[in-house]
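**Q** The structure follows.
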Amino acid sequence: MAAPIYISLSQIDEDLLDASETLRGGPIETFRHITLPLSMPGVAIGVIFVFVLSIGDFTVPQFLSGGKGTITTLIYLAVNNGLNYPNAAALSISLLVIIFAIVYVLTRFVDISKIARS
């Protein structure tokens, strides 16, 4: 999460921050009107990275909740305990659709091509 945000923050032109200070914009206004909108592509990419990596993690919820926590543990249990491959395939496809929907929504509202060019 830190690397994409750092990259998008490093691309912000210092002249914009100086212009905000010259026009008597305080730190809060500068952050709200300049820094936050220009760093949103980095935040969106960081959210996608963290979400995709954390959705596949099933070890920790399995230890903490006894295997009844997330969709990934349900897929694991369907394959290993019950050998119910059609159920595991349906759960996997639904997980894939959920991931694609969240990534689509994030990329639809935030232009991540700005950070991809650097």
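Values quoted throughout were computed directly from the atomic coordinates according to the rules given, and no laboratory measurement underlies them. Since we're looking at a predicted model, the values are computed, not measured. Neighbour counts are summed over all protein chains in view; Cβ atoms, including those assigned to glycine, are modelled from backbone coordinates with ideal geometry.
**Q** In nm, to one decimal, how far is the modelled label at Asp15 from the one at Leu38, with both set 7 Å along Cα→Cβ?
**A** Distance between label points: 1.1 nm.
**Q** What are the radius of gyration and Dmax of the range 1-54, computed over its Cα atoms and given in Å?
**A** 13.0, 43
**Q** Compute the FRET efficiency between Val52 and Phe31 as 1/(1 + (r/R0)^6), taking r as their Cβ-Cβ distance and R0 = 30 Å, and round to the nearest 0.05.
**A** On the way: r = 28 Å, r/R0 = 0.94.
Computed FRET efficiency for Val52 and Phe31: 0.60.
**Q** Between Tyr104 and Ile7, what is the FRET efficiency for a Förster distance of 30 Å, r being their Cβ-Cβ separation, to the nearest 0.05? Don't skip to the answer; put the middle values down first.
**A** Values: r = 22 Å, r/R0 = 0.74.
Step by step, r from the Cβ atoms, then E = 0.85.
**Q** If we count other beta carbons within 10 Å of each Cβ, what is the order of Met40, Met1, fewest first? Display every interim value, and only then the final one.
**A** On the way: Met40 19, Met1 12.
Ascending Cβ contact count within 10 Å gives the list Met1, Met40.
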